[in-house]
1. Does A:Val64 count as open to solvent by less than 30 Å² (accessible area, probe 1.4 Å), away from the ligand (no atom under 16 Å from the Cβ) and touching a Phe, Trp or Tyr at 6+ places or on another chain (Cβ under 6 Å)?
2. Pairs under 8 Å by beta carbon, first residue without any contact (Cβ under 8 Å) to a residue 60 or more places away in the chain and over 18 Å from B:Phe108 (Cβ atoms) in region B:52-75, partner open to solvent by 20 Å² or more (accessible area, probe 1.4 Å) and among the hydroxyl-bearing types (Ser, Thr, Tyr), six or more apart or different chains?
3. Could you check how many residues of region A:378-405 are within 16 Å of the ligand (Cβ to nearest atom), in contact with a Ser or Thr (Cβ under 6 Å, 6 or more places away or on another chain) and either open to solvent by 20 Å² or more (accessible area, probe 1.4 Å) or part of a helix (DSSP H, G or I) (or both)?
4. Has region A:102-124 got at least one residue that is in a helix (DSSP H, G or I), free of Cβ contacts under 8 Å to residues at least 24 places away in the same chain and open to solvent by 70 Å² or more (accessible area, probe 1.4 Å)?
5. Kindly evaluate A:Phe183 against the criterion of being within 14 Å of another protein chain (Cβ to nearest Cβ), more than 16 Å from the ligand (Cβ to nearest atom) and touching a Leu at 6+ places or on another chain (Cβ under 8 Å).
6. What do you reckon, is B:Leu230 open to solvent by 40 Å² or more (accessible area, probe 1.4 Å) and either away from the ligand (no atom under 16 Å from the Cβ) or in the same structural domain as B:Ser154 (by TED's automatic domain parsing) (or both)?
7. Which helices (runs of 4 or more DSSP H) sit wholly inside region A:1-60 and have at least 3 residues that are surrounded by 15 or more Cβ atoms within 10 Å (Cβ to Cβ) and within 10 Å of chain B (Cβ to nearest Cβ)?
8. Among the residues of region A:70-82, which ones are open to solvent by 10 Å² or more (accessible area, probe 1.4 Å) and either within 8 Å of the ligand (Cβ to nearest atom) or of a type in the set (Lys, Arg) (or both)?
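The values are calculated or read from the model by the stated rules, or taken from the named source; none is laboratory data. Fair warning: this is a prediction, and the values are worked out from it, not measured in the lab. As a convention, Cβ positions derive from the backbone with ideal geometry for all residues, glycine included, and neighbour counts pool all protein chains shown. Remember, those area values only see protein heavy atoms, side chains included, never the ligands or the DNA or RNA. Shrake-Rupley method; radii C 1.70, N 1.55, O 1.52, S 1.80 Å.
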Amino acid sequence: MNENPKSWTDKLWYLFSSMKMGLALLGATALTSGIGTILPQTELEPDRAEAVSRIWQVLGFTHVYSTAWFRLLLGLLCVNLLVCSMQRFSGTYNRTFKPRPPQNGNDIPQKLRQEIKGSTENLRLKTEKILRDRGFRLIGEESGESWSFVAQKHHLGYWSAFIVHIAFVILISGAILGMFFGFKGTMMAAAGTTTALKNINLSKGTVTQDFGVKVNSAEDRFLPNGERDNWYTNLSIIENGRETASGTLSVNHPFTYKGVTFYQASFDHGVHLTADVTGQTMPIYLRNQGRPFRFPNTDLYLFIGGMMGSPQQPVILFQIYKAGNSQPIQSGQLSAGESTNVQGQYKVTMEGYAGFTGLQVKKDPGVTVVWLGSGLLLLGLMLSFYWRPLLVSGILEQEGRLTLGMASGKIIGQTETEFGKLLSEIEGTNSKERAGLTTDLELKERVL
Amino acid sequence: MNQGLQGLEISMFYLTLVAYFLSMVLYWVWLGVKSNILGKFATALTIIGFAGNTVVLVARTVIAQRLPLSNGYEFILTFCWGILAVYLFAEFRYKLRALGSFVMPIPFLLLVFIVMKMGPDERVAQAIPPALKSQWLTFHVVTAMLSYGAFAISFGLGLMYLLKTRQGVTNQKDGLISRFPAAEILDDLAYKVIGFALPLLTLVIITGAIWADYAWGTYWSWDPKETWSLITWIIYTGYVHARLMYGWKGKRAAWMAVLGFVAVIFTFFGVNYLLPGLHSYA
Ligand code: HEM
């Protein structure tokens, strides 16, 4: 390192500025993410993921998308894109904003190039007029005996690759932002209950906000034709004991408060009961056939076995279990307002039905960045395919010889036709006026 | 009214199927026989099939009171419509009738798949879950239809290129291949078509992500369908780069166009029918 401190950084830079490397990384991303769709993934199918051969598990192929090496791959891709973009920045900048008329024949595009002869004066006027009429921005330069020019159209198209590449990096940055500063979790709550945001089931990140989510109502609504309309949840945000916001959400219509977004994810039916013991009343919310409720300080459990009435006339089937017994020790029906005595210890009153809403709760400060990246990606691609920059440059020498060429990125076919049209226009107008000299105009050499 | 419409939809489905079949066969025969009339017939049948396909989709829209974009049956018909729309455009714009021989088998086979694999209950208009009621989904599927349709065309062009440039065939004066346009034209067109389809595919993925974010709060969850659309995207991105940077044209580019469409088909079908995945909605 001491002898030649630049060489290995240079090598690294060179490695990362090559598109071969970029394509290899893209290919590797495609390949590994493809394997991830074939092998069962732990998050989705834990049992099947356990069953695949050990080697896949060790290498992380049963949770590809969250492995360090997969992230490293994407990270390297970003480095690659950044290095590429930096490397090419000044070139692109100069091409776009500081085009220079050609100094000699070598500066004129080689692949599409032609020579036209005519009167110096005329050729220059025609060339200028025709190019300007076609929307080119033309810069001319006199140098001694000759006049040279460069003309551009759609010059912002030079930025297409730059924009696409940076957009991809922005997109990934947004995803990383979400990973570090966001959280994701779920909550299942009955109408009438309040859940502290800190108590939701987190699957990612940590919750820093301190507010409560009160579910005012949870409904499963149907359309007149019997199809499901949507699930609706009305909720209030409780901060320091006060309601600071409220709103209704449904599938595809989330609700956001202070960067935390609530999505309607599922719905379940349940009941609201109260239990009395020595004058104290506590609310109980249970899902139909869901997890049973354990009465405090007992080994008794309350289970809802069915809901039989209508929302107007709710009726439930309940069962009481004792720990260790697989058969209920007590069961019965309750309609709204009715009470029953549980083993002489509790009095349980049925209050009514209560919808349970399943919410996905998320905070992702990176999401706007992701959309920004997506938008730029699209913009870059559109520029790349529909806003091809066109460059025409040439030198007109004193003796009436105009050499001009056209370039457009790397695409030849279409540009060729455009070039042909341009030439015939310059020649055409020329030849009409100088009908006697048409033979001169036949002097073409097309290098393709 | 619905009864009548349903009848119309079903009969139009079979009309479309038959028209696609006959036009495919006619395109083949035309390649060999070089009778102009036959070629015109083939095109006419394609148009009839396309019209039938359109009627099926419109009838379904009226019956279901929503766009036909929500189950496998509807997706396939929409996909076929996209292929045909892009194909007919290409045939007229570029006078490319020979392309029909390579493209028409795709919609035909897709419809055959419906007939063979889908029971009546999979074909009727179903109630859709709340998650599918989204403008973004509509946008998502419409862009997918056009993008996949265009990729199908580039696939056809790639095949034609490969046939045209097979060893020793290039200069053949007669025979089927002579009806193909020049190899460079095929190559250029394939690039153009991919240039149309790739930004669209990007839009498909982005609108899908926006929709998922609204519906589930996750714009990307690496489910197999998403992942395969990304793989498809990477393949075509590779195509564009290889062409721009290394001047990959011709054979290698044609192979990539073919491979890319295989990935499209896998994204569309394989994920649903071959992988153990869970993309719950088609
Ligand atoms: C992540 C996905 C990528 C996408 C979507 C993408 C997209 C594009 C597009 C659309 C172009 C064509 C622009 C044009 O010339 O008109 C392009 C060109 C290019 N890309 Fe990428 N690219 C990606 C990754 C990479 C990587 C990893 C590298 C390697 C460092 C790279 C290097 C280049 C280079 C050198 C060009 C040529 C630009 C030119 O000829 O002007 N790209 N890219």
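1. Taking the combined requirement at face value, the residue satisfies it.
2. Partner pairs satisfying both residue conditions: B:Pro68/B:Thr61.
3. Within region A:378-405, the first condition is being within 16 Å of the ligand (Cβ to nearest atom), and the residues that meet it are A:378-391.
With the extra rule that they be in contact with a Ser or Thr (Cβ under 6 Å, 6 or more places away or on another chain), the set shrinks to A:378, A:380-381, A:383-384, A:388, A:390.
Next, only the ones that are either open to solvent by 20 Å² or more (accessible area, probe 1.4 Å) or part of a helix (DSSP H, G or I) (or both) stay: A:378, A:380-381, A:383-384, A:388.
Summing the residues that are within 16 Å of the ligand (Cβ to nearest atom), in contact with a Ser or Thr (Cβ under 6 Å, 6 or more places away or on another chain) and either open to solvent by 20 Å² or more (accessible area, probe 1.4 Å) or part of a helix (DSSP H, G or I) (or both) in region A:378-405 gives 6.
4. Yes, that holds for at least one residue.
5. Values: within 14 Å of another protein chain (Cβ to nearest Cβ): yes; more than 16 Å from the ligand (Cβ to nearest atom): yes; touching a Leu at 6+ places or on another chain (Cβ under 8 Å): yes.
So A:Phe183 fits the description; yes.
6. It is false that B:Leu230 is open to solvent by 40 Å² or more (accessible area, probe 1.4 Å) and either away from the ligand (no atom under 16 Å from the Cβ) or in the same structural domain as B:Ser154 (by TED's automatic domain parsing) (or both).
7. Values: elements: A:5-16, A:19-38, A:46-51, A:54-59.
Those helices (runs of 4 or more DSSP H) span A:19-38.
8. Correct list: A:Arg71, A:Leu81.
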